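The values are calculated or read from the model by the stated rules, or taken from the named source; none is laboratory data. Computed from a predicted model, the values in this text were never measured in an experiment. Virtual Cβ from ideal backbone geometry, glycine too; neighbours counted across all protein chains shown.
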Amino acid sequence: MAAISILQVRAPDQIIRRMSGSAIVEFTGRRRDGENMVDLAPPEQREERILRHQNMINVPCGAWLAREAVGNTGAVGTLEAILLPVSNDKAPDQPFIYIGQDIRKSDRWELDEVSTDIELARDFEYIDIGAGVP
């Protein structure tokens, strides 16, 4: 489970990363547990990030995404992920989102060269898991 993450949606604008697998830490050079994913988005992309996560929870549905991260040296890392909503028995009003990821990176990739912002994936599609898609 090296490339998984768990997010807790405490409120529409509070999407807290609760766990990051070791591959995520290696890929980004930092641990993001406890950080609000909304705050990590560039300001002009925050409303869309909130909408995407709310859609996954409220429909409910999953999502698939692919994105590239370009480091300071020009190295490119490619990330593909599937996101699935998960109920939270202890706090039903604060569901989780499971993220399973596949990370491929260039041989020149160096730790800690990824931007602190996490931009929205341009390649993003909702997945019907039985209740339709938005």
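Looking at (1) modelled with pLDDT of 85 or more; (2) exposed (fewer than 13 other Cβ atoms within 10 Å of the Cβ), can you tell me which one residue 129 breaks?
Result: residue 129 passes all but (2).
Each row is one residue, and each column tells you yes or no for (1) closer than 30 Å to residue 130 by Cα; (2) at pLDDT 95 or above.
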residue	(1), (2)
15	yes, yes
51	yes, yes
59	yes, yes
67	yes, no
73	no, no
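For the range 33-57, how many residues are surrounded by 13 or more Cβ atoms within 10 Å (Cβ to Cβ), in contact (Cβ under 8 Å) with a residue 40 or more places away in the chain and assigned to a helix (DSSP H, G or I)?
So the count comes out to 10.
Which one is nearest to residue 83 (Cα to Cα) among residues in the range 14-38 that are touching a Lys or Arg at 6+ places or on another chain (Cβ under 8 Å) and of a type in the set (D, E, K, R)?
That would be 17.
Which residues, taken from the range 22-31, are free of Cβ contacts under 8 Å to residues at least 40 places away in the same chain and either within 21 Å of residue 130 (Cα to Cα) or surrounded by 14 or more Cβ atoms within 10 Å (Cβ to Cβ) (or both)?
Correct list: 25 only.
How about the range 113-126: which of its residues are modelled with pLDDT of 95 or more and in contact with a helix residue (DSSP H, G or I) (Cβ under 9 Å, 6 or more places away or on another chain)? Write out each step before concluding.
To start, the set of residues in the range 113-126 that are modelled with pLDDT of 95 or more comprises 124-126.
Answer for the range 113-126, where residues must be modelled with pLDDT of 95 or more and in contact with a helix residue (DSSP H, G or I) (Cβ under 9 Å, 6 or more places away or on another chain): 124, 126.
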